[in-house]
Amino acid sequence: MRQLVAGRRRSIAAAAVAVALAAVVSAGCGGSNSNSAQGTAASTPTTTTKSSAPAKKQSSAKAKKVALTSLTCISAPASVSERILKTVVLSGAKLDHVRAVESPDVPGYYFVSSHVRGGGAGPHALATWAERGLDGHGVVYAVDSFAALISLDGNASQVDLALDIHTPGAYKSRICSFGPGAPRGLPAPLTSGPGNPATG
């Protein structure tokens, strides 16, 4: 029964995204000049991972002011892409240049940015999520508006205010994926994502 409901929810969400995606793409969601939908080891989709329990919502202070140069780019393993793709509603979508940066404010969480290719996404689509750990089993939340649009993931800032698109860690992950001059992105709406509700 749960799979039936989830499948119906995904179909409804996919239909809504198809209508909204053209406007988002024309406005410019991010960027990529990659030639391959599977340019990194982190771009092979599957649906065999499982999630851990969602983290409890926290009342966090503002994110630390840290220099971008002090944050390290991590090439995310394939399991991270696989976990994210489980809740992406774009049929045939793939993640490319998947890069992670550890949050300097929220222990155990990583900002994960990726080019989104296929499924109706534009050629310069860039999305950012927050994932608990990098083993492919942690809960995933949408950080920017494009990630929220194309997935069923809840808003990361409802878990912790420091998991926000405007924080240095989030932006550094976008630079790691896109390169210098990466668009900063817009925050995910508070109402995004029934897939991973931000409650514990």
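List of remarks:
- The residues on offer are Ala55, Ala61, Ala121, and the sole one that is modelled with pLDDT under 95 and over 19 Å from Ala188 (Cβ atoms) is Ala61.
- Assessment of the stretch 133-149 against the conditions (part of a helix (DSSP H, G or I), over 14 Å from Ala100 (Cβ atoms) and not aliphatic (A, V, I, L, M)) yields at least one matching residue.
- Yes/no for Glu131 being modelled with pLDDT of 95 or more and crowded, with 24+ Cβ neighbours inside 10 Å: yes
- Some residue of the stretch 107-130 being closer than 18 Å to Ala78 by Cα and assigned to a helix (DSSP H, G or I): no
- Residues located in the stretch 62-97, provided they are closer than 16 Å to Phe146 by Cα, among the β-branched types (Val, Ile, Thr) and part of a loop (DSSP other than H, G, I, E, B): Thr87, Val89
- Conditions (1) acidic (Asp, Glu); (2) touching a Lys or Arg at 6+ places or on another chain (Cβ under 6 Å); (3) under 15 Å from Leu186 (Cα atoms); number of the one not met by Asp105: (3)
- Flag if Gly169 is modelled with pLDDT of 95 or more and surrounded by 24 or more Cβ atoms within 10 Å (Cβ to Cβ): yes
- From the options Ala125, Ala100, residue that is under 21 Å from Leu68 (Cβ atoms), among the small types (Gly, Ala, Ser) and in contact with a strand residue (DSSP E or B) (Cβ under 6 Å, 6 or more places away or on another chain): Ala100
The values are calculated or read from the model by the stated rules, or taken from the named source; none is laboratory data. Given the structure is predicted, the values throughout are model-derived calculations rather than measurements. Every residue, glycine among them, receives a Cβ derived from its backbone with ideal geometry; neighbour counts consider all protein chains shown.
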